[in-house]
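What follows is a set of notes on a single structure, which appears directly below.
The values are calculated or read from the model by the stated rules, or taken from the named source; none is laboratory data. Small disclaimer: the values here were computed from a predicted structure and weren't measured. Cβ coordinates were reconstructed from backbone atoms using ideal geometry, including for glycine residues, and neighbour counts include every protein chain displayed. Keep in mind that these areas ignore ligands, DNA and RNA; they rest on the heavy atoms of the full protein, side chains included. Shrake-Rupley method; radii C 1.70, N 1.55, O 1.52, S 1.80 Å.
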Amino acid sequence: QVQVVESGGGLVQPGGSLTLSCAASGSIDRIYAMRWYRQAPGNQRELVLHINVDGTVQYADFVKGRFTVSRDSGRNAMYLQMNMLKPEDTAVYYCQIVANSEPGRRAYEYWGQGIQVTVSS
């Protein structure tokens with residue numbers, strides 16, 4: 001079983017910064033992908049960024065130049081630095097890990113519980 005926990009959300013003023021953390025624990029053999037999603041009220045969940053198995057990152061256009069992700073492979077964790085935040089960034093942010101629990105076993109998607117980010121003056 002794999003557990004995924006996000007932390008670091010909260011309230012920030014427009015133009016401010018916030019850092020989210022995501023940590024995976026449990027029975028993990030290999031992580032194949034790590035992703036951040038977000039969901040604003042009344043909207044569908046959307047992909048913010050995707051870290052590939054080779055470490056490359058794809059960002060959604062709406063966060064390019066403002067959000068930066070880093071990964072700590074030793075701790076199965078990643079950190080999302082969010083700068084120049086806008087009110088439209090207000091959403092619940094979810095971390096997703098794609099991992100398998102044993103060599104040769106198929107990988108599954110695991111979600112965190114989500115964390116609120118509110119950008120408001």
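For the chain, the per residue solvent-accessible surface stands at 53 Å², with DNA, RNA and ligands left out and a 1.4 Å probe. The Cα center of segment 1-17 and the Cα center of segment 89-121 differ in position by 11 Å. Count charges around ASN100 for me, please; just the other residues with Cβ under 15 Å from its Cβ, Lys/Arg as +1, Asp/Glu as -1. Summing Lys and Arg as +1 and Asp and Glu as -1 gives 0.
Computed on the chain, the Cα convex hull volume stands at 95 Å³ per residue.
Can you give the Rg to Rh ratio for segment 1-67, taking only C-alpha atoms and Rh from Kirkwood?
Working: Rg = 13.8 Å, Rh = 14.0 Å.
My calculation of the ratio gives 0.99.
Summing charges over neighbours of TYR37, with a neighbour being any other residue whose Cβ is under 9 Å away from its Cβ, gives +2 when K and R count +1 and D and E count -1.
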